[in-house]
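Derivation of every value follows stated rules applied to the coordinates shown; laboratory data play no part. Predicted model, so just to flag it, every value in this text is computed and none were measured. Don't worry about glycine lacking a Cβ; one is built from the backbone with ideal geometry, like all the others, and counts go over all protein chains shown.
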């Protein structure tokens, strides 16, 4: 098949998923990328047959200048709309058999879904959390006019996102949890195709385990750092904790990230209703047990009592579980081995891409 990929993602799990899917699909297919971003990333050339780059630099809004916010919600959004119209025409001209689209960092479901005539699959990482997730509430310190504006804009964003996603020929969810959320939010039936991990990069390494607990995320409430912060004083053991939470600390090199995982005895995954979560997969692939909250996509990847532990969102229970695991080296070692085998057996990118490929074949052959 000739396949076009489209995305306008920040670096992170979703962008990695696009690149990894493309890498394995390219073995048997032509895979081109159409990308909207502020600058080119030449490191991604290896994943695709060709890359078509469209420059789009959004205005930065820090939460203070509401004139900038108004511009972003009107003129900037319209400019993006017109750009997607242009890209759709260029994709359709090339007569691809299928277009595979990842979410937009600007609208969630991208505008381009409305304009494409080529068959299109939308890989929905999650519904628009801005309107569907109660954890992302309107700030309480806004005055009446700003709060009213925020409510109206969120309503408009919801309308845009829903109109866009309904234009997809098929919607794929990244987990069963996300599938249910898509059905609730949009009333759209969808199928599941999981993401994976490169077990040849993320693998056990004999580095010194000088960190007891590793947290990778942001200090924002949605990432669950507050739960770890509340649990640590309740532990009998005083663990050595490493928090990788600010943008300046983010590691972009996979081998460096692997060494960070391998230098830790336990990885905690505490995000609120995480749609899927690549961090647990990467850590388990390195042979490191996971302690995750019993929510969202974590329940589909972490095998409780075997590859790690699933716990309720309760600081006392989390503290007890971490104490127990850190006090039992044999259990940590066994869970680490189980975690690695679990990944090799089920969660490699190559295996997950085969599943996606079958879905693509079925979609492209319908009503030809």
The stretch 149-241 shape via C-alpha gyration tensor axes, a/c threshold 1.5: oblate
Tilt of helix 13-25 relative to the longest C-alpha principal axis of the chain, in degrees (0 to 90, nearest 10)? 70 degrees
Neighbour-count order for 90, 357, 150, 274, fewest beta carbons within 10 angstrom listed first: 90, 150, 357, 274
Length released on extending from residue 253 to residue 90, taking residue separation times 0.36 nm less the Cα-Cα span: 55.3 nm
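Taking 20 °C and 1.002 mPa s as the conditions, I'd like the Stokes-Einstein D for the stretch 111-173 in µm²/s, using the Kirkwood hydrodynamic radius from alpha carbon pairs.
160 µm²/s
Once you have a ≥ b ≥ c as the square roots of the Cα gyration tensor eigenvalues for the chain, tell me rounded if a/c is under 1.5, and otherwise prolate or oblate according to whether a/b is larger than b/c.
oblate
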Give the residues of the stretch 320-342 whose amide nitrogen is closer than 20 Å to a point set 7 Å from the Cα of residue 238 in the direction of its Cβ. 320-328
Sort 286, 262 so that the residue with the fewest other Cβ atoms within 10 Å of its own Cβ comes first and the one with the most comes last. 262, 286
As computed over the stretch 211-346, the Cα convex hull volume per residue (Å³): 96 Å³
In nanometres, what is the gap between the two model label sites at residue 334 and residue 205, each 7 Å from Cα along Cα-to-Cβ? 2.8 nm
Just to confirm the number: angle between the C-alpha axis of helix 329-346 and the first principal axis of the chain, 0 to 90 degrees, nearest 10? 30 degrees
Residue 66 versus residue 304, label points 7 Å from Cα toward the beta carbon: distance in nm? 4.6 nm
Would you mind ranking 124, 167 by Cβ crowding within 10 Å, fewest neighbours first? 167, 124
Scattering from the C-alpha atoms of the stretch 80-128 alone, worked out with Debye: what is log10 I(q)/I(0) at q = 0.14, 0.22 1/Å? -0.32, -0.76
